[in-house]
């Protein structure tokens, strides 16, 4: 999806709106110094910055390294900085359930929604690994956001993880390919099912000791990749992969009956757009 140039009069370009699980999702591009109005009557408004900066709330694309920040915005508008800004606006309406106990609560509506269908981790990755065979976890393809030259800025997709699901320990060390380019990934949380879900770091696959970084509704984490101190861009390995330590997402668990899914947005940034 490519957002057009901002309107010459308003300095703003906006996308269509998608709805999933009571949330609305919309993309926007703002020219330098221009404002985007926010309808606070629709619900709680959260903004994830993709490019540029919001000057009035001093927010860029990334939180501090491995840190968590809230993205709630209570103002009636936000203003772009000198370089403009590209955003995704998530609105939490009163239709958002307290608990996602069924994937039926996460049907997506909007343009081309028929192509945006949830699929199990097992079905998606079963040809390559059996680690997801018994896990209650699902993926939803999403949005390829491109700049005016057609270059990808970020791919935003979504996943859920049921109680106790470990979404796998990985370090993005595979060599990039046309169908699997290198990316710098951060996550934004719609729902932390048990309240105990978290990003984790560890020393190796199978390591028992983990350092947890919990995230809750409307929060995002900063880079887990290694940045080049000279350029601020992600540091690469010899094979072109980004330099990461081992990490993953671990869903929480509790003693209550029934399922309670974590629901997360994954932002896979083109490394050229991941300067920190």
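Summary of computed values
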read-out	value
√(5λ) per eigenvalue of the Cα gyration tensor, the chain, largest first, Å	29, 24, 18
Global form of the stretch 1-156, assessed from the alpha-carbon gyration tensor, a/c cut-off 1.5	prolate
Distance (nanometres) between label positions extended 7 Å along Cα→Cβ at residue 211 and residue 42	3.8 nm
Ordering of 140-147, 223-230 by packing [mean C-beta count within 10 Å, highest first]	140-147, 223-230
Highest to lowest packing among 24-30, 61-67, 101-107, 241-247, scored as the average C-beta count within 10 Å	24-30, 241-247, 61-67, 101-107
Residues of the stretch 26-55 with amide N under 12 Å of a point placed 7 Å along Cα→Cβ from residue 148	30-32
Theoretical FRET efficiency, 1/(1+(r/R0)^6), r = Cβ-Cβ of residue 119 and residue 174, R0 30 Å, to 0.05	0.90
Relative frequency of Cα-Cα separations exceeding 22 Å in the stretch 35-119, percent	42 percent
Gaussian network model of the chain, springs between alpha carbon atoms under 10 Å - residue of 266, 55, 207 with greatest fluctuation	207
Segment residue 19-residue 99, length gained on full extension (0.36 nm per residue, minus Cα span)	27.1 nm
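Read-outs throughout are calculated quantities, based only on the coordinates presented, and are distinct from any laboratory measurement. None of the values given here were measured: they were computed from a predicted structure. Reconstructed Cβ throughout: ideal geometry from the backbone, glycine too, with neighbour counts over all protein chains shown.
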